[in-house]
Amino acid sequence: MTLKSPSSHRRFFLKTTGVSLALPVLHSLSTKLLGAGTSLQATETKKSASPTRMVAIGNLLGFYQPSFFPTAPGPNYEMPRLLKPLAPHRKDFTLFSGLDHDHKGGHFAVHSFLSGVLLMDAKGRPDGNISMDQLAAESVGSLTRFPSLTIGSESGIHGGCKMCWTRSGTRVPPIPGPKQLFNKLFVDESTDNLAKSYDKFHLKGSILDAVLGDAKSLQRRIDREDREKLDEYFTSVRDVEKRLELSRHWADVPKPKPPITAPKNTNMVDDLPLLYDLIVLALQTDSTRIATLEIGGDFEARYFDIKKGYHALSHHGKLQENIDHLLVLEEYQMQQFSRFLERLKSVKEGDGTLLDHSMVLFGSGMANANSHTNKNLPVILAGGGFKHGEYKAIRRDESHHTPLSNLYVSMLQKFGMEVDQFGTSTGTLL
Amino acid sequence: MRPLIIIGIHLALQCGQTISAVDPEIFLDKYCLNCHDRDLQKGDRDFESLSFPIDGLPSIIKAQDIIDQLVLGEMPPQKAKAQPSEEEVTNLIAALTQQVGQARDSLESTGAQTVLRRLNRREYTNTIEDLLGLDLESFDPTRNFPTDQTAEHMDNIGDTLVTSGYLLDQYLEAADAVIEKVFSNLEKPKEENWRFRGNFYQGSELAYSHKRVFNYRYLCIYEVTDTPRQEGCYGYVNEFKTGVPADGLYEIQLLAHAKNRDHPYDDKIFGTDFAEPFRLGIVPGRDDAGLLHNSQPIEPLLDEVTVGDGEPKWHTMKVWLHEGQTPRFTFINGMESSRSAFSAIANRYKDHWPKGDFEGGIVDARRVVLEHGKMPHIRIHEVKIRGPIFNTWPPRKHQIILGDKPFRPERTREILKRFADRAYRRPATKEEIDNLMNVVKIRRAEGHSPMQAMKDALKAALCSPAFIYLAEPGRQQSKGEKLGAHDLASRLSYFLWSTMPDPELRALADSGEILKPAVLHQQMHRLLKDPRSEEFVAGFLDAWLNLRSLGDMPPDRDMFADYYTWSLESAFAEETRAFTRHLLENNRPIFDYLDSDYTVLNKSLAKHYELDTLLKEFDREPAKAHHFRKVSLANYPNRGGLIGMGSVLTVTANGIETSPVTRGVWILENIFGTPPAPPPDDVPPIDPDIRGATTIRDQLEKHREVTTCNECHRKIDPPGFALENFDPVGAWRTHYPAGRKQGPKIDASDQLSSGQAFSSIPEFKELLLNRKEPFARMLTERLLTYATGRRMEVLDRGDVDKIVKQLGQRGNGMQDLLELVTTSSLFQSP
């Protein structure tokens, strides 16, 4: 059987419709922000011309390891098939092996990729199973219109990648496609809708006052265990009040002008480059500083004219025919990631490029899908001002384990947060 | 893989029961503390500070670490002088595992009390429906709610269900949506008539051929909706795509017939059973929710009719549509894929086409087959729509809130009081009504009408903790050990209906009558007989058997096409539910779950299970072949009982291959009631290799050669092997697949850890029937957990034992068990 070469595929038409605009939006936005409400003044000092950004991309089924990890570590490693698309960016990323969260649970453990903590273990931990992006988002707060953007889908095995979690153990609902992401980023509310939004803020405010009263009277009637549970409710009320404040502020600030026409949703395979482009725009316009992208259950093999399902191929049973098909799907993901890095590089910002100010994590919570293992995960870190260019093979056996969360601690520190611990970390990396 | 993870929550106690005494402190002192004491802490591990018995999370983690290292044989290191014997190691592992299990249990204990329980998503939806008189089948106010947290697959455990800021914000949004929906039309909307003939544009892929061959004269439906390409599975009226103007009941009339049920082609091309008449269904669609000829998030089957061959006839259906929804027509038992079928027919039957007419390619394949061939499909010639039809006005949803009188500003407090009394499932306090009146005051001050302000206060009630929590005063507060009348009524209602008490039950709570055992008993039977008890059947099976996860690991479309064409997923779930309903209605012994000489199924399942002699029964009335019925399995001893059901067999596989470990764990958990300890960290995983002769059995046998692995796997693997003849979707097989070829023969014989051997499914089921008591205990505990919204704990053991004993005396009937659960003191305590 002959495989269709992805490069001849129509999805590459996007190459020419991409974006390479230098938008002066950053400046005007910050001016507006400075004039805005007093509650935000305190955080203003943290704002600089080139803020640090964080992007994390994860897929559901990992990468075929023999074609992903080079044979020897160091700066002069030879690139196997799946890394080849990244050759132009060799100096801009670090490849890791030997990192993971020491979990098992196959597809379920994929959900812990960015948190390091399984949902079932979240209870009793001070930060639950909050993911790295959401922790970083808390520090950004209302400085940008969106504290973070979570892009992905609900479909797929056990609800898809499910990478992003709040500290209360709920999944951050993903933005499903380019159309919705575009609207979020660029489409302003009409005056009519805006008035409605303001009224909704008022309504929610008065409801919160009323239910807070109910909660206080309930508190007097119940037991200690119940009271602890009711505390969640009080915390939630405060949380919604904060959200309301944030929404009120940004409702006053117009969204940036869209540099491309509104896209339609097609399918995850064809939409992937478009989603990457929109992430670049979101970072470039400082609409957000944190974005995550899940390549999940709706990334399907049939869009490559491959009959077997992606999940079935990942259970390749070491059959060469299955592996060949699998590599087509994975290679495409690597090509699009490479194209994303290219785009980030092409945007000049301050004394460097957007990539210099954006740390980009790429990988998966799945290590070997054929055996459902989550040890030795595929992990690449690009950009962000780290020193790159190497393949770091970290020792991993029964007695040696370096938590992937150590890398996350380094990233969070680079992001400007004063943390020395995250998830199950035991130190830092890099 | 889910069971493997969930068992981490409740470690087995049975592991420790056969172990001779071993003192962990002596073991550690002898073999470990040389390096891992307070001073050295080699590898950052200090075990000197560990005290026994294990207690608290840090100690649990340390103890688990010790277990893992011992299982792997990594520690003590080779070079250490003092080496423990194999027996010492095994005993220590068992002792620590037991202690860790107990420590975890006490960590999770809620003191045998139900913790303030939030309504879960389905309870919220049902309650809103009853409270407001809305039809929410195709309008889901909870669509943005986060997934509910579960414990042991249960979705209604008080201390597990979390409330977050995000969820509270969603409560605010949902309350706004549903209250505005209640009052969306204050005036009766005018009834309208629409008629559509011709100009039936079809979804983009079919447009060319339909324009060219039919000039859009017909609306044609070809395939099932669960198909990857979705080219011809939804028929919709393009001129009516903006949908109906108002919520209401609509009459849909279709002039339609079945075309080419009798065709000259190979049946295999379609995957359809042409013995059955064609079934046409209606689902709602929204133009703003995605393409109308593709799947949309909300599309329940609203109604269906059977379409005959021959001349087109009028068919009438009445369905509830929400504003903006347009009806879409589906072909319930259509073909697997119209694209594949068009292509296969055009290419395989070239001699049917005029010479040189077919140019090749899928686009022309559609054209040539429609023009010259006999493609099976449902053909609609004309569509008439009438509505919204209201037999009474004002509608029930207005009456239910406003009463018989219209709204007047001075009635605001009275209306809010009436509503809050119902919403809070008990009389609302004066303070609570004052809080709602405050909302009215503020909204009036902000310039809203009295009516709008009243509506906004209703929304506040729906976000109040008094509504979203089942708040039972704890034992310290309530004088006795018993629930109050309103709390008991709610508990019964949420147990059997997953919704608020109906007026009859509420009246018995208001009068206090429900506290009388005879009344509770009578109400339990009334609720169980009501169709709403279907909520219990589905909700409980989702929790006990994890049927909720059916479809989480979708079977591969290439390997298991029938799963999609024959709608096996929903049929699987329905079989298990119908079976359970049969047990309930006839008070059949619960041991029918272990083995039975009957089941309840439809023709698709009978085909899937290869019950050939039963097919005739279904063919006697082809139009009813999809109806579920009780059938005898006298000739099919491999089926019968839970382990013969596709639901269980599919949910314990990953859609690609089977694993005796996963299925074995499932049986230990859900049939034996003895969940195994979770697997230790760092065990070498099984890397499936389907190239050569290594079978899963060879691989697992190697694993079991390790003593410490064998300790658990000798219990787990055998029941899993018993089911190996069932493939990942529960079909019977004799050989493993190897790519597209036949692989090694399956050996499903083994012996349980007790030494009892089996070599076939009937023999295995014999052994299951030897373990009736543990099964009865497990099922009782599961039911109690579901009924009370809390985990059963050691403290509850006495009560559980009592129920199991009484159940045995009464003949083990399923209805009796429910009665014993409801009338138990556990059920009636906070």
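What follows draws every value from the coordinates through simple rules; no lab data is involved. What you are looking at is a predicted structure, and each value in this text was computed from that prediction instead of being measured. For neighbour counting, all protein chains shown are included, and Cβ atoms are generated from backbone atoms with ideal geometry for every residue, glycine included.
Direction-averaged projected area, Cα convex hull, segment A:125-203: 7.2 nm², rounded to one decimal. Rounded to 0.05, the FRET efficiency of the B:Glu763 and B:Asn347 pair, given R0 = 45 Å and the Cβ-Cβ distance, is 0.35. Hey, if you put +1 on the Cβ of every Lys and Arg and -1 on every Asp and Glu Cβ in chain B, which of B:Met437, B:Asn635, B:Phe196 ends up farthest toward the positive end of that dipole? Of the candidates, B:Phe196 comes out farthest on the positive side. If one puts a single equal scatterer on every Cα of segment A:212-342 and applies the Debye formula without solvent, what log₁₀ I(q)/I(0) results at q = 0.12 Å⁻¹? Evaluating at q = 0.12 Å⁻¹ gives log10 I(q)/I(0) of -0.75. A cut-off under 12 angstrom between Cβ atoms defines the neighbours of B:Ser570, and their net charge, with Lys, Arg +1 and Asp, Glu -1, is -3.
Each 20 Å bin from zero holds the following percent of Cα-Cα pairs in chain B: 13, 38, 35, 12, 1. Is any helix in chain A, taking whole DSSP H runs, at least 30 angstrom long along its axis by alpha carbon and on average at least -1.0 on the Kyte-Doolittle scale, and which ones? Going by DSSP H runs, the hits are A:191-221, A:320-346. Please compute the alpha carbon radius of gyration of segment A:277-400, then divide it by the globular-protein estimate 2.2 N^0.38 Å. Two decimals is fine. Output field value: 1.25. Of all the C-alpha pairs in segment B:701-830, what % are more than 27 Å from each other? That tail contains 45 percent of the Cα-Cα pairs. Antiparallel beta bridges, as assigned by DSSP with both residues in the protein assembly as shown, represent about 75 percent of the total such bridges. Evaluating kT/(6 pi eta Rh) at 25 °C and 0.890 mPa s, with the Kirkwood radius of segment B:19-64 over Cα pairs in the Stokes-Einstein relation, gives 221 µm² s⁻¹.
Give the Rg/Rh ratio for segment B:560-621, taking Rg as the radius of gyration of the Cα atoms and Rh as the Kirkwood radius, to two decimals. Ratio of gyration radius to Kirkwood radius for segment B:560-621: 1.01. For B:Ser184 and B:Lys529, the difference between the fully extended length at 0.36 nm per residue and the C-alpha to C-alpha distance is 120.7 nm. In the protein assembly as shown, the DSSP-assigned H stretches of four residues or longer account for a calculated mean residue ellipticity at 222 nm of -12500 deg cm²/dmol, using -39500 (n - 2.57) per stretch and the full residue count as denominator. P(r) for the protein assembly as shown, from all Cα pairs and a bin width of 10 Å, is 1, 8, 16, 21, 23, 18, 10, 3, 0, 0 %, short bins first. For the cross-link pairs A:Lys318/B:Lys702; B:Lys529/B:Lys765; A:Lys345/A:Lys392; A:Lys84/A:Lys345; B:Lys241/B:Lys313; A:Lys348/A:Lys392, which exceed 26 Å when the distance is taken from alpha carbon to alpha carbon? The pairs that break the limit, which is 26 Å between Cα atoms, are B:Lys529/B:Lys765; A:Lys348/A:Lys392. Label positions at B:Ser753 and B:Asp55, each projected 7 Å from the Cα along the C-beta direction, are separated by 2.9 nm.
Pairwise Cα distances in segment B:587-662 exceed 22 Å in 31 percent of cases. Size descriptors for segment A:170-209: radius of gyration and Dmax over Cα atoms are 13.8, 37 Å. Distance between the modelled labels on B:Lys42 and B:Ile26, one decimal in nanometres: 2.4 nm (7 Å Cα→Cβ projection). Projected onto their three principal axes, the Cα atoms of segment B:492-539 cover extents of 31, 18, 13 Å, largest first. Shape annotation for segment B:310-410: C-alpha extents along the principal axes are 82, 27, 20 Å, from largest to smallest.
When the Cα positions of A:Thr426, A:Thr94, A:Phe201 are compared along the charge dipole of chain A, A:Thr94 comes out farthest toward the positive end, with charges on each C-beta of Lys, Arg, Asp and Glu. Each label was represented as a point 7 Å from its Cα along the Cα-to-Cβ direction; for A:Asp199 and B:Leu301 these points are 4.2 nm apart. With q set to 0.15, 0.18 Å⁻¹, the log10 of I(q)/I(0) for segment B:335-471, from the Debye formula over equal scatterers at the Cα positions, is -0.80, -1.01. With a cut-off of 12 Å between beta carbons, the residues surrounding B:Arg526 carry a summed charge of -1, where Lys and Arg count +1 and Asp and Glu -1. What the Kirkwood sum gives for segment A:204-261 is a hydrodynamic radius of 13.8 Å, with every pair of different alpha carbons counted.
Given a Förster distance of 35 angstrom, what is the FRET efficiency for B:His735 paired with B:His263, based on the Cβ-Cβ distance and rounded to 0.05? Approximately 0.55, to the nearest 0.05.
The alpha-carbon atoms of chain A define a convex hull whose volume equals 157 cubic angstrom per residue. Taking a sphere under 14 Å around the Cβ of B:Asp39 and counting the other residues whose Cβ falls inside, with K and R at +1 and D and E at -1, yields a net charge of -1. Computed with the Debye formula from one identical point scatterer per Cα of segment B:71-112, without solvent, the log10 of I(q)/I(0) at q = 0.16, 0.30, 0.34 Å⁻¹ comes to -0.56, -1.02, -1.12. According to the calculation over all Cα-Cα pairs in segment B:76-228, the P(r) per 10 Å bin from zero is 8, 18, 16, 17, 16, 10, 8, 5, 2, 0 %.
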